[in-house]
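Below: the structure, in structure tokens.
The values are calculated or read from the model by the stated rules, or taken from the named source; none is laboratory data. This one's a predicted model, so the numbers in the text were calculated from it and none came from an experiment. FYI the Cβ positions are ideal-geometry reconstructions off the backbone, even for glycines, and counts take in every protein chain you see.
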Amino acid sequence: MAIIDLVRWDPGQNSGNLKNPVYAWRFPETNLSTFTQLIVAESQEAVLFSKGRMVGKFGPGKHTLSTENLPVLRSLFGLPFGGKNPFSAEVWFINRVTPLNLDWDTDNMRYHDPDYKTMVPLMAKGRYGLKVVDAERFLVKLVGTAPEFTAAMLTDHFSGALVSKTKSTLLQAMQSSQIGIKSIGAYLDPLSQSLSLSMAPFWEEFGFALQSIYITSIDIDDRTADGQHILEAMAQQSAQSIAGYTWQQSQSFEVAKDAMSNTGSGGILGALMMTGGLMGGGGMMGGASMQPQTPSANLSSQASGQFGSAQPARDVFCSHCSKKFPNSAKFCPHCGDPYKPCPRCGTDNDDKASRCVSCGQTLGNAQSSGSSDACGRCGTGINPGAAFCPNCGLKTH
């Protein structure tokens, strides 16, 4: 078997490329001698192993594998001084250039978002760069018998640990700072710094120095059904905010459109009744219908003269967060907003509203104070000097 006289590594000889850089490459031959020349490039380091132990490390330059450079050869092989003495050893070349284009990502992360007060599925992506600083530790713990060790092999080998530690670090940092998904883009840099502090000791154990790690995005995970629904809801909320209408109003519009397209529902009249758009005494559409009211609820409240003990038990929509809650509550159990019921239909209204968004009933100080400027039966505001209520016809004097 021929003795190798020259050992060197040209990265262009193997599978190394910009997308999958090679961290370590093993010279294919092991038949060396004390006259073998070893050439190590400026960005490389060479490590020799023989009989299961490291016998020498060489930095950039041209080296002769003599017993003077490798005195351990005498104890391993009994080689004398001088002469061309053969021996067997593996030569590994280590790439000391730091690749900064290694991609990483996480699988689904469940996060309780402080903006929406609910669990949302997230995914994170980014890039990182590693540099081999302890060649012996790196080769012994990771490389083994493979002819080369690439960035793809590194990512695959550590995929479980990398994803687990990344998810844990990100979720803890986001939770402690109460970062919501609406503003998460402004926190990518500090989150990247937290991730770097957490991951650096992990890589040191395997002979690496973490040169950099960046988070490029944290988004709703649209690979899941929950994520797709949340993105659709966020898009709808944005459209409603820009157009200037609420979720309840959009639901009422849809009900009215369906009723108008159904000839059996009474056309426009049916649509108005289904959305609560028929107003007593004040015209048909006194305001946008946010909450459909049943005829029994309207008749009950009108018969009693005010919205009080005759109110039927049912759910209403909060004017602040748009979520349902029972009309027996004084505050919304979801957001804590006070329940401001319309005296006629019971719809929750904003405390600054002058008219009920569902039935058009006049609201305000006159309604709540019970002064002479409000109708004693229905609470409608009455202009000074009027003899009868313009809403229910009650005589004022």
Practice problem: Can you tell me which residue among MET260, MET153 is modelled with pLDDT of 85 or more and either surrounded by 12 or more Cβ atoms within 10 Å (Cβ to Cβ) or more than 23 Å from the chain's Cα centre (by Cα) (or both)? | Solution: MET153
Self-check item: Top-ranked residue of the range 3-25 - restricted to ones that are closer than 24 Å to PHE208 by Cβ and at pLDDT 90 or above, ranked as farthest from the chain's Cα centre (by Cα)
Solution: TRP9
Exercise. Hey, can you tell me all the residues within the range 36-55 that are at pLDDT below 90 and either among the polar types (S, T, N, Q) or surrounded by 14 or more Cβ atoms within 10 Å (Cβ to Cβ) (or both)?
Key: SER43, SER50, MET54, VAL55
Self-check item: strands (runs of 3 or more DSSP E) within the range 116-223 that include 3 or more residues touching a strand residue (DSSP E or B) at 6+ places or on another chain (Cβ under 9 Å) and acidic (Asp, Glu)
Solution: none
Quiz item: In this structure, does SER212 turn out to be among the small types (Gly, Ala, Ser), in contact with a helix residue (DSSP H, G or I) (Cβ under 7 Å, 6 or more places away or on another chain) and surrounded by 12 or more Cβ atoms within 10 Å (Cβ to Cβ)?
Solution: no
Quiz item: So which of SER183, SER198 ends up being surrounded by 13 or more Cβ atoms within 10 Å (Cβ to Cβ), among the small types (Gly, Ala, Ser) and at pLDDT 85 or above?
Solution: SER198
Practice problem: Check the range 291-312 and report whether any residue there is modelled with pLDDT under 85 and in contact with a strand residue (DSSP E or B) (Cβ under 7 Å, 6 or more places away or on another chain). | Solution: yes
